[in-house]
Amino acid sequence: MIVCADLHLHSKYSRATSQSMDLENIAAGARLKGLNLLGTGDFTHPKWFSELKKKLRNFADGIYLFDGIYWTLTCEVSLIYPQDGKSRRVHHIIHAPSIEVVESINSSLSRYGNLNSDGRPTFTRLTSPELVDLMSSIDPNIVIIPSHAWTTWYGVFGANTGFDSLEECFGDQARKIFAIETGLSSTPQMNWRISALDKVSLVSNSDSHSPLPSRLGREFNVFQLSKPSYRSVFEAVKNHDRSKFLYTVEVPPEYGKYHYTGHRNCKFSLSPKEALKINNICPVCGKRLTIGVLQRVEELADRPEGYEPTNAVPFKVALPLYEVISLLRGSESLYSKKISEEELNYIKKAGNEISILIDIKRPLLDQIVGSEVASLIEDFREKKVRFDAGYDGLYGKPILHPLS
């Protein structure tokens with residue numbers, strides 16, 4: 001079966017997250033999107049974990065069922081600690097193989113911080129290698145994946161608080177890290193430029209704070225499995241098994257909030273090459289610019305643009321349907337009832353959004369969404385759409401005129 005998996009999202013118990021992020025609404029959003037395997041998110045939060053235990057029904061080998069969707073147990077943790085004279089701020093996703101293992105994880109992590117305070121807890125007395133070692137001591141099948149690895153803040157390779165290598169971050173525990181999350185501001189192609197990352201797989205998830213299909217599954221992973229199981233998913237990822245780990249779906253990296261270097265308050269951004277010419281100093285305020293993901297990749301890259309490893313899992317590009325429609329209709333609203341109704345009408349015709357964005361070819365796509373929307377979707381698929389790239393916490397904005 002084809003498994004479309006978004007393995008990093010949050011619940012209503014995380015800060016700055018929609019109060020609609022409960023199991024029922026997340027499941028409904030997943031069906032509209034076309035996702036059939038989700039990470040629960042936030043299993044360290046006592047109230048959310050109580051809900052998970054009450055509502056999730058055991059399916060098989062670390063996979064649970066609720067409301068027609070498969071679920072696996074996940075959470076994100078924020079680590080803040082000093083190393084080498086620098087404050088390190090790194091987010092990691094923890095994947096657990098069972099409810100019973102989560103019980104042990106929560107018991108252990110409760111000694112390091114208040115699990116009630118946030119669905120994504122922060123620990124200041126736990127380093128990245130200590131976290132991996134602690135999780136391994138609980139169960140060797142626990143998987144830890146660095147979240148949004150390149151994001152300026154809280155990414156393992158982030159310009160401001162990150163590291164230059166997985167070994168620098170994890171020490172002798174780096175051997176247990178077999179995947180990183182690309183994040184919205186980078187694609188696998190950007191990561192392929194760093195030869196040290198050949199040993200890890202690249203996964204993509206939404207980090208969604210909302211159950212709307214425009215947010216849920218913005219990025220996701222596609223597997224072909226006999227049936228979903230914790231073991232089969234992570235063996236496919238760990239082994240770079242292209243017969244089972246088929247591809248990831250990514251938003252254009254320029255859409256991400258940290259792709260370019262710049263200052264949002266000064267409304268100033270630029271490419272890595274231009275930023276280096278001015279020594280990364282903002283000409284408006286005179287302070288150091290927020291270094292973007294593209295520039296950070298350039299700093300660590302030892303391969304040219306366009307390099308592709310022979311065993312790389314491929315990727316596809318898509319922008320959420322809501323945003324495609326918004327662009328055509330000239331709306332900049334985060335939520336428009338009219339555009340949402342148009343979006344849902346198309347989804348109803350096709351069955352789900354992923355079919356529209358990825359699978360359905362023209363001329364059938366024209367019949368479902370109209371030639372104008374279909375043409376723009378095709379431009380995104382073929383990476384023909386220009387962007388005003390995102391920077392310093394601002395999302396990038398597509399420009400309607402495609403490349404010639």
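The values are calculated or read from the model by the stated rules, or taken from the named source; none is laboratory data. On a predicted model such as this, the values are computed, not experimentally measured, just so you know. Positions of Cβ are backbone-derived with ideal geometry, glycine not excepted, and every protein chain shown enters the neighbour counts.
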Worksheet item: Applying the selection to the stretch 21-58, what residues are hydroxyl-bearing (Ser, Thr, Tyr), outside any helix (DSSP H, G or I) and over 17 Å from Ala5 (Cβ atoms)?
Response: Thr44
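I need the strands (runs of 3 or more DSSP E) fully contained in the stretch 68-149, keeping only those with at least 3 residues that are aromatic (Phe, Trp, Tyr). Break it down stepwise before answering.
Working: elements: 69-83, 86-96, 143-146.
Per the criteria, 69-83.
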Practice prompt. Can you work out which of the residues in the stretch 4-19 that are within 23 Å of Ile356 (Cβ to Cβ) and out of contact with any Ser or Thr (no Cβ under 7 Å at 6 or more places or on another chain) is surrounded by the fewest Cβ atoms within 10 Å (Cβ to Cβ)?
Written response: Cys4
Worksheet item: Hey, does the stretch 74-81 have a residue that's surrounded by 18 or more Cβ atoms within 10 Å (Cβ to Cβ) and of a type in the set (Asp, Glu)?
Response: yes
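Out of Pro309, Pro363, I need the residue that is of a type outside the set (A, V, I, L, M, F, W, C) and touching a residue at least 24 places away in the same chain (Cβ under 8 Å). Which one? Break it down into steps so the answer makes sense when it comes.
Working: Pro363 fails: touching a residue at least 24 places away in the same chain (Cβ under 8 Å).
That would be Pro309, the only listed residue that is of a type outside the set (A, V, I, L, M, F, W, C) and touching a residue at least 24 places away in the same chain (Cβ under 8 Å).
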Response to the item:
When Tyr247 is run through (1) of a type in the set (Ser, Thr, Tyr); (2) crowded, with 23+ Cβ neighbours inside 10 Å; (3) assigned to a strand (DSSP E or B), the failure sits at (2)
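Given the condition basic (Lys, Arg) and within 30 Å of Gly292 (Cβ to Cβ), answer yes or no: does some residue in the stretch 124-144 qualify? Before you say what the answer is, go through the steps one by one.
Within the stretch 124-144, the subset basic (Lys, Arg) is 125.
Filter again for within 30 Å of Gly292 (Cβ to Cβ), leaving none.
No: the stretch 124-144 contains no residue that is basic (Lys, Arg) and within 30 Å of Gly292 (Cβ to Cβ).
The rows are residues; the columns are (1) surrounded by 15 or more Cβ atoms within 10 Å (Cβ to Cβ); (2) under 21 Å from the mean Cα position of the chain (by Cα).
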position: Leu294; (1), (2): yes, yes
position: Arg303; (1), (2): no, no
position: Lys316; (1), (2): yes, yes
position: Glu323; (1), (2): yes, yes
position: Glu332; (1), (2): no, no
position: Ile360; (1), (2): yes, no
position: Leu365; (1), (2): yes, no
position: Asp392; (1), (2): yes, yes
Worksheet entry | Given (1) surrounded by 23 or more Cβ atoms within 10 Å (Cβ to Cβ); (2) assigned to a loop (DSSP other than H, G, I, E, B); (3) modelled with pLDDT of 95 or more, number of the condition Asp164 does not satisfy | (1)
Worksheet item: How many of the residues in the stretch 335-352 are out of contact with any Phe, Trp or Tyr (no Cβ under 8 Å at 6 or more places or on another chain), surrounded by 15 or more Cβ atoms within 10 Å (Cβ to Cβ) and either in contact (Cβ under 8 Å) with a residue 60 or more places away in the chain or assigned to a loop (DSSP other than H, G, I, E, B) (or both)?
Response: 5
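Restricting to the stretch 318-340, what's the tally of residues that are of a type outside the set (Ser, Thr, Tyr) and under 22 Å from Phe220 (Cα atoms)? Before the answer, list the steps.
Filtering the stretch 318-340 down to residues of a type outside the set (Ser, Thr, Tyr) leaves 318-321, 323-325, 327-330, 332, 334, 337-339.
So of that shortlist, the ones also under 22 Å from Phe220 (Cα atoms) come out as 318-321, 323-325, 334.
So the count comes out to 8.
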